[in-house]
Every structure is written in structure tokens, then in C-alpha cells.
1. Which members of region B:110-139 meet the condition of being among the aliphatic types (A, V, I, L, M) and either at pLDDT 75 or above or in a helix (DSSP H, G or I) (or both)?
2. Is it the case that region C:224-240 has a residue that's touching a Pro at 6+ places or on another chain (Cβ under 9 Å), modelled with pLDDT under 90, over 30 Å from C:GLU504 (Cβ atoms) and not aromatic (Phe, Trp, Tyr)?
3. I need the full set of residues from region B:38-63 which are in a helix (DSSP H, G or I) and buried (at least 17 other Cβ atoms within 10 Å of the Cβ), in order please.
4. Does A:VAL174 satisfy the criteria of being surrounded by fewer than 22 Cβ atoms within 10 Å (Cβ to Cβ), more than 9 Å from chain B (Cβ to nearest Cβ), in a helix (DSSP H, G or I) and among the hydrophobic types (A, V, I, L, M, F, W, C)?
5. Can you tell me which residue among B:THR44, B:THR36 is under 23 Å from C:TRP238 (Cβ atoms), among the hydroxyl-bearing types (Ser, Thr, Tyr) and touching a residue at least 40 places away in the same chain (Cβ under 8 Å)?
6. Please enumerate the residues belonging to region C:120-155 that are of a type outside the set (Asp, Glu), assigned to a loop (DSSP other than H, G, I, E, B) and farther than 18 Å from C:SER93 by Cα.
7. Those residues that are farther than 12 Å from C:ALA521 by Cα and of a type in the set (S, T, N, Q), I need them from region C:584-599; list them, please.
8. Which of the residues belonging to region A:75-116 are more than 14 Å from chain B (Cβ to nearest Cβ) and part of a loop (DSSP other than H, G, I, E, B)?
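The values are calculated or read from the model by the stated rules, or taken from the named source; none is laboratory data. Fair warning: this is a prediction, and the values are worked out from it, not measured in the lab. Quick reminder, even Gly has a Cβ in these numbers, built from the backbone with ideal geometry, and neighbours come from all protein chains shown.
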Amino acid sequence: MIRPRHLFRLLSVATGVLLAVGVLAGLTLSLGVHGENTHRALLGERAPALRGSTLDGSSYVLRPTGHLTLVNIWAAWCAPCRDEIPLLARAAADYRSQGVRLVTVDTRDGPVAARALLSDANAQDLVAVVDPHGRLAVSWGATGVPETVVVDGQGIVRARRIGAVSREWLDSQVRRWS
Amino acid sequence: MVVTRRLWVPVVAVLVAAAAVAAIVLTHEPTPPLSTRVDRVAKTLRCPACNGESVAASDTPIARSMRAEITHQLKDGRSPDQVRAWFVDRYGADIVTTPSSRGPELLLWALPIGVLVLGGAVVLVRSRRRTTSAGEPTAPAAASGGALSGRRVLVAVVVCAVAGAAVPAAVALPSRGGTDAARSSGGTASTSDRLGPQDWVRLGRSLDSRGDPTGAEQAYRRALALAPNNDAARTGLAFDLLRRGHLSAAEWLVRPVAGPAGRYRPLALLVLGLAQRGRGEPFAPTLRRFLRLAPDHPAAAQVRRLLRSR
Amino acid sequence: MTGWVGTFALAAAFCSALACVGVWASAALRPATRQAPRWLGLLPLLAAGATVGAAEYALLTHDFSIRFVAENGSLSTPAYYTVTSLWAAHDGSLLLWVLILTAYVAVLGWRTPAGARRLHAWAVSCLSTVAAFFAGLALFTGQVFDRVQPAPADGPGPNPLLADHPAMGVHPPLLYAGLLGTAVLFSYAVAALVTGRADGGWARVVRPWALWTWSVLTAGIVMGAWWSYTVLGWGGYWAWDPVENAALLPWLLTTALLHSGMVLRRSGALPAWSLSLAVGAFVLAGLGVFITRSGVSVSVHTFASSGVGVVLLAFLAAVLAGVVALALLRPGGLGSPRGSLGPVLSRTSAILANNVLLVVLAVTVLVGTLFPVLADAVNGSQVAVGPSYFDTVSVPVVGLLLALMGLGPYLRWRGDRGAAVLRRALLPAAVGAAVVVCLAVKAPTGRAALVTFGLAGFVLTGIVRDVVRRVGSWGRVAGMGAHLGFVLLLVGVAGSSAYAVAGEGTVTPGHSHRVAGVDVAVSAVSRDRSAGDIVTRAGLVLRRGDRTVRLSPGLRYSPAHDMTVAVPAVSSRVGGDLYVTLLSADRNGAVTVRVARNPMVGWIWAGGAVMALAGLGSLLLRRRRRRAPARAAVPEPAPAPPLAVTPDLAARAER
């Protein structure tokens, strides 16, 4: 014979136990889950504007041309970016015949250091839009440098790579979205 | 005389109170300077490159860039909400750290209010009852009743043990049976794999490539804590240590990896050679072995230059 | 050799803790015939002390053949940070926990409180179980004393972020002492569930431990806030980071327990509730350790993580299941005397309301901290919960708490008439209102700050009046001191967020530039190398009104990390801080600085110190009071003579 008083107590104890079990189970599941350092925003959407003056003094505006565009965000103070620049310069030269363009954004950087890096790497032909306050990088949803965004011929963002790219990754993206 | 004093004390009190309430009601939130307004918006945004810091609290270049963007947009007269919406477009909904009031996130708002209402109700009900049932005879307090017998304590201890064993079992089970299900749901690894040192190594590499060697170092250390002989973690950590100038620690870490044939042998040889060079030991043989194993490595050109310039 | 000694001592700590479990449990089962020898409790402490000593010895002698030293020591680390590097990584801090826990076992086992022998014996047995668990964890999963072959000539040193501030030697041990202090409260709760004694006597025995835990935890948390204020270049002190929250949760519940314990002590009401608070504080402290160690939440504080997550979760599950089992096995279920609360307008109800508000805060912090983790685990959705959420919910709740704090202590235990309360509240309320009016006229600010200041005036007047009236009743004065500290802290928080002014500006040599209302001039820019880093320092002369201050904030560039960290400089006065961060310095000597005037930040640290000291003071005063009169006999098993005789107690007395 359970009196209502005891019933209430049993119910509250049971609720507490269930809650605790739920939280513990959730935590057990979550062990080791680490927030992936990537995000899917902008994918499938129209690419943000990209315009400004470049390191060599001309001006640049990104317009959809029917061909793939790779946008790389870098800075001379970032070690992986320095390693990546020669690879990018070679890729830009190789892709030119297919109409694929490679544009870079030099973010929060001193122009002297950036120019020196490009000339050291024999990469003066790379288009590098200057982004002194980092606003271009932010408008492209960058979470750091280096970062590479793939924009298709219609101006839609298709892929994003956080961290340094490899030639295989670039090739696969060009094959996939061209 | 006494009566008048009794009267005027409350009157003055009421007047002061009315003035205070009026002051609170009439006060306008002063328009804070731009820097404060930028700070307020920045506080509600998560720094995408940091460990749980807000854009306002972080000193990373990307957070500075985001603050510059916020400053610019607020100067242009956009409202804080418009600025936040702009960032959501660029970075996804979880860039904003104020949970929405829809969907499961409603729980975050409802739970505190629910507890407050429930708790208040309980206090009121239990307080009132006292005044009505003071004379009512009550049962002897159970909590202050007799002691538990030894056997019951034993039962409780057994329950403890079973519950404690359930958690490791729960972690272990999905890794055996649930691998397929986990794979089918978007390629995430199974629970036990998620715990693995491999993930920490992967995280370390991505942090390394993003110019965050401190974070990378921590990730490698975690990997090593789980698997002390993980070649990838050893080499990665050694590389970071080498960059920080801890040559002998780096050397100690990679020496076991540099010997036997393995995927990380070339990289380990590179680290070992550079550490030896830094300590003034003979390094050329080590680096030559590296070049023989990995002639196309990105660092090969630099190593060749180094050997030539010697 | 050192490694062998360390491992052996750790094993001895584990075994002697297990022995304590058994001996005290048997003493508890047969209190009439058996008594545990008090020296037994010292054995685990001695062994744990030897373990920590061995680890520190290895660190200080740079014995790189010991794994922990090879991974966390370095020849270039100064001696102070070599000592503190023991708790800069998980394995070493586990040893520190074991040391603290065994110290608690020794202290708890040394003195049996008068008339609570069985309760005490069960508590020591339970606490020894907790100590044995952590000693076992360190013994079987830790690798501090593993041998490294061949030994390296030098190590990497501790995490650089943990080797550049003197607080590293104080803040973590204080925090651990507070978090683990909840284990004693928990042990007494378990003892109460076993013996069936959750009455005024229980509350009296637990109170010193609750005071200790609370004071140490307060000091640890506030010191952590001060640390982040002086190190992170943006002038913030609390970011609602998961790890900060994890320390706040047990603090909230311990605060609630201190208050509900007063009701329990006086009238025997709310026993189950008080036990739940004690258990909750311990479980949440364990959860905090889990959050810190398992890396489930991303936080700037997750320095020392490891794979002990599963073991800790298993331990927490066992604790919860054990407590629930004990409660359900109790003859008569989980019962509490009913109908023993006062009328709505009474001190008891005010304390209950305080408990409700503290629990609401705890629920908010807990849900906000765990929600992102749970959402990610359940359906992989990414939800971020940040400072704005916690601020929005906690500010009104803390306001209510403050109002209650002004009213509660002046209500009578047995109930009050509204008119009498109004009369007592008149003067404080008038002062509070006057503060609001003055501020609204003199120093306009936001509504929340205005209300906070008004409430602070209300509470402070009450405290002053109370203290003046009761000089001599020192326990009460200490309690009011804790309230005073809390109000000071809140005033500091409200004031610094309402009146802070910050700005950035570039200053060229030879010119004075006005930034955030402060005239800034550069006197010198220097660059030098220290410990492998390049430190740029700008000598600045700051002038505001007739106050002139010289500060030299710096930028530390570490070539190895390719990373620049700002080293802020602070000048503190009673009125407020001048906080300068160097953002950049160019070759011509022009510097860009961020200048912030943070008024009243010092109140936060002062408030925290007052709270902690008041708590400790109350603890010491208790002891003296206890010693002065003849030992007040607490008969066993009958409870202490209740001050307010309630029906159930009367019924019990008849039996």
C-alpha cells in the first residue's frame, strides 16, 4: 500500500535518478568527441565579394567567369603558409591552361614581408589581394591561415580546406568542380 | 510629538523610495562608446580558432580581424543583431554563443525558470502547511530513524560496484557492435575510436598547420598519454619541441622512431638530424639517410642546401 | 631509486587507505567494543607525503630518467616553477589530490566529535574509500615514476602558460583543496544515510568542514579570476569557461549547504535536502574534474588531460548509485520531518528561498556547460553557449539573492509580522534608495548597475548595523563578514562593467596622445631576449588629472611558437586600475596601445579575500567557543536538544 506521500517521493527520486543516468550516459557518449575544426557555412552559397588592391599595386575584382576559382588566404607570419606558397605558385601555373584561377588573400600582413616571401619562392605571378585588417578573410569565413576556398564557375562556394593544402587535394577539387 | 515623528519617518522613507524607483525607471541606458559596443558584440561571438574563448577575449589574429569587422559595421550604423546575422552567414549558427529560444535550446532557458518556479512553490507550500498543521501528530522522522544493518550497507556497496562497472561496459560495447551504425551516420568513428590517440594526432597536425604549435603540442601529448609508442605523435611532438629549442627532448622522443623502418622514419630522421645539428653533434649522416629515404620531401631542398653549406 | 621509492610509497598509501576503510567500518559496525586507532589515519598521509616528496625530489634534481620529469621538467625552468610543475600535468596533479585527500583522512580521523562516534567512523571509512580510489587511480593508471631508457639530457619543461605566473603555486592547490573538501561533506552524508542521523548533531559536525571547503574554494576561484585578469591582455576576469564553471558549481552548492545546515541545526528540518546538497557538491566537483581531464569541453584550461575520463565517470556513477541505494534501503524510505518549517515570513523560509536561488544558479551553470557537450554527443549538432547566456540568466537571480541577503538575516526564526519587518528594513532601504538617487544624478549608468548599487547599499547598511549591535557574538559577525565580502565582490563586478572605459591609440615619441581619457607618452622602447623569447617593452608615462603613472607593457614574441603574446601592465589604486596592453611597436618608436580604465576591479579581489577570511575566521571562532565551555554533550543516538521543539522531535524524545 503506497501512500501518496511516498509515491511523490518515489517519483521525485526516480526523476532525479533518470536525469542523472541521462547526463552520465550523454557524457559517456561524448568521451573523446572533439569539436571538428571545420564549418560548413557558405558551402553551396554565393561567394562573398573579393576586391581590392594587390601586392604588386594593381586592383583585383573576383567575377564568375564560368571557370573554377581557388581562393587561398595566407600571411607571411604563418609558417605553414610559407611552406605552401611554392606549391600554390606551381599549381596556379599548371591550372592556367584549364582556365582555373588561383587568387590569394594576404591577410593582416606587412607588404614588405609578403613581397619578400613571394619573390623568395619565385611566386611573383600569384595574385595576392591585400587585406590589412583581416576583413576580407573574415568575410570569407576564415577561421585562421592558411585556408583555401573553392568557388565554381557560377560563383558558388563548393569546398573549404582549413590548414595547408596538398597538390592531390587541389587536383581532386579541380577535377570535381570544373 | 511622538506621533508626528512616527509619521514623518515613513513619509520620508516613502519619498526617497519613490525617488529611487523613479530614478531607475527614468534612467536611460547611456550610449556607451564604440569600443564598449564592439566589446559587447564580440563577447557574443565565439572565436573560431580558439579553445572556447570569445572573440572579445582572444588575442589571435582571426579574433582581431573579427573585431575590426565588428567595429567597421557598427560604425556604418548596423545594429548588433545585424552584425551577428552577418557572422552567422559566414561561420554558421554556432558562431553566436547566445542559444536561440527555439528547438532543444529552449531547454537552456526553460530549465532555470522551471526550477525557480518549482522551488518557489515548494517553499510557499511547505511554509504555509506549518501554520495549519502545527498540532497534527506526525510520523517519526524516518531519516533520523534507526541505522542500517550491515547487510543493507553491503547491498549498497554492490550496487555501487555494478553501476561503476556499467560505464566502462557502455563505452566498450558500441565499439564492438556499433561500428557499422557509426560509420553509416556520416563517417564518424565509433566511440572507442573517438577516444583514440589517432584523433589527437590528427588534431595536432591540423593545429600545427594552422600555426598553433602550443595547441598542437598539447594534442600530441594527449595522444602520447594514450599510446606512449605512437610514432606519429612522438614525431609530431618532437618537431614542436625542436622548434621551441628543446633539442635533447626532441632527440629522445624520435630516436626510437628513427631506427626501424616505418612510415615516420624519414621525418624522425629529419628531426633527429636537426636536433643533432643544434647541439653541435655530427648530423650529416642522419640527414643524408633522410634524403635517401625521402628525396621528394618538401624539406628536402632546404636540407640539401644545409648539407652543402656545411 | 627515486622512482622505486615513489611507487612504493604510492602503493603504501593505497593499501593503508584501504586498511582505514576496513578498520573504521568495523569500528562503525560495533561501536561499543571496537575503536579505530587514530594513528592509523596518519599512515596514508605519510605515504602520500613520501610519494609527492619523491616526485618533487626527482623534479628538483632533474632526474630525467623519471618519466614525469622527462616530460615536464627542464633545466632552464626556475626552481619555483619546477616545484609547481608537479600539478602542471595530469599525472602529477593526481598525486597532489591523493596528498590532499589523505590529509583530510588524517585530520578527520584524528578527532572524534563528541557524541557522534558511529557517524564519524562511517564518514572516515567513506572518505578513506575516496582516497583509496584516487590513490589506486594514480598507482594503476599514472606513469609518473616510469623509467625512461635512455634518459634524455633535458626535458621540454611545463606548459609555458603555466610557468609564468606566481599564482601557479597557490591557485591550483587551493582549488583542489576546496574541490576535494566536498569529499568530506559527501562522506558525512553517506554516514548519515547509513546511521540514520541527519539531525542538528549532523549539521554541527559537518559545519566546520563546510566552512573550510567553502572558504578555500572561494579563495581559489577568486585567485583564478585575478590570475586571468593580470595575464590575459583584455582585462577580463571571468569568461564562464567550462573549467571555471566546474569550480563554481560545488561552490554554489556548498554555499547552499552552509545555509540549509543552519536550519537543520536549529530545528532538525530539511535533513534530506541538506544531504542532497552535500552529495551534489561532491558529484559536481567530480564532474568538474571530469570536464577538466577528459577534454569533452574545449576550454583554455584543459592543460592536463588524459584517458581517465571513463574511470572518473564510472566512479561518479558508482557514487550516485550507492547514495540512491542507501536512501532507498533506509527503513521507511527517504524521510524528513514534515511541517517543521516556519511561516512564510521567517528566517527559515528566507534560507530556503536562498537555497532555491543558489540551486537555480547551479542548474543554469550546469546546463549551460553541459548542453554543448550533450548536444554534440546526442545528434552531433554544434551549439555554443557563451558568456551572454550566463550573464542574462544569472544577473536577475543574483539580484534576487542580494535582496534576500538584505532581508533574511533580520527575520526571526519562528516567524515575523510584516509590520515589524518593514520597520527593521526601513533604514537600510532608505540608504539603498538614497544610493540609487545619488548615482542616478552623479554618475549615470545602466539600470542593472543602478539596481545592484542600490541593493548593495541596502545590504551593507543592514550588515553595519548588525555588526555594531552584536560585537562579541563573533560567529554572527563572521557570517556577516562573508555577506560583506560577497556584496563587495558584486559591487566590484557591477562597477567595473558599468564604468570601464577602454580605447586604442597610436603614440609617437615626443608627443602625448589622449587614449580613453588618459594622456599617454612614450619614454622608451626596448627589445631584449629572455629565455629564448624576444620581449619588446614600451616605457609609457600615463597622466590622468594629477595622477601620473609609469608602466611598461610588453609584447613577448616566441620564435619557436611563431606567436606573440601581450604582457599587460596594471597600476592598481582604490579608485580603479589603469590597464595597458601593448598592441604593436614599430621601428620608429611609435607604439599602439590599448588603455583601459577599470574602476572598482580591486573590490572584486578585496571582496573575495573578505569572504575567504570570514569563512576561516568563523571556523576558528567555533573552535575557541567549543573549547571555552565544558564540552556540550551531544547525546547519542538521541539528537542534540533542539532549540525549537517540533512535533516530530517531541515524538522521538518520547520513544
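1. Those that are among the aliphatic types (A, V, I, L, M) and either at pLDDT 75 or above or in a helix (DSSP H, G or I) (or both): B:ALA110, B:LEU111, B:ILE113, B:VAL115, B:LEU116, B:VAL117, B:LEU118, B:ALA121, B:VAL122, B:VAL123, B:LEU124, B:VAL125.
2. no
3. Selection gives B:VAL38, B:ASP39, B:VAL41, B:ALA42, B:LYS43, B:PRO61, B:ILE62, B:ALA63.
4. Working: surrounded by fewer than 22 Cβ atoms within 10 Å (Cβ to Cβ): yes; more than 9 Å from chain B (Cβ to nearest Cβ): yes; in a helix (DSSP H, G or I): yes; among the hydrophobic types (A, V, I, L, M, F, W, C): yes.
The answer is yes for A:VAL174.
5. Answer to the selection: B:THR44.
6. If the condition is that a residue be of a type outside the set (Asp, Glu), assigned to a loop (DSSP other than H, G, I, E, B) and farther than 18 Å from C:SER93 by Cα, then C:VAL148, C:GLN149, C:PRO150, C:ALA151, C:PRO152, C:ALA153, C:GLY155 are the ones that fit.
7. Of everything in region C:584-599, those that are farther than 12 Å from C:ALA521 by Cα and of a type in the set (S, T, N, Q) turn out to be C:SER584, C:ASN588, C:ASN598.
8. Correct list: A:SER97, A:GLN98, A:GLY99, A:VAL100.
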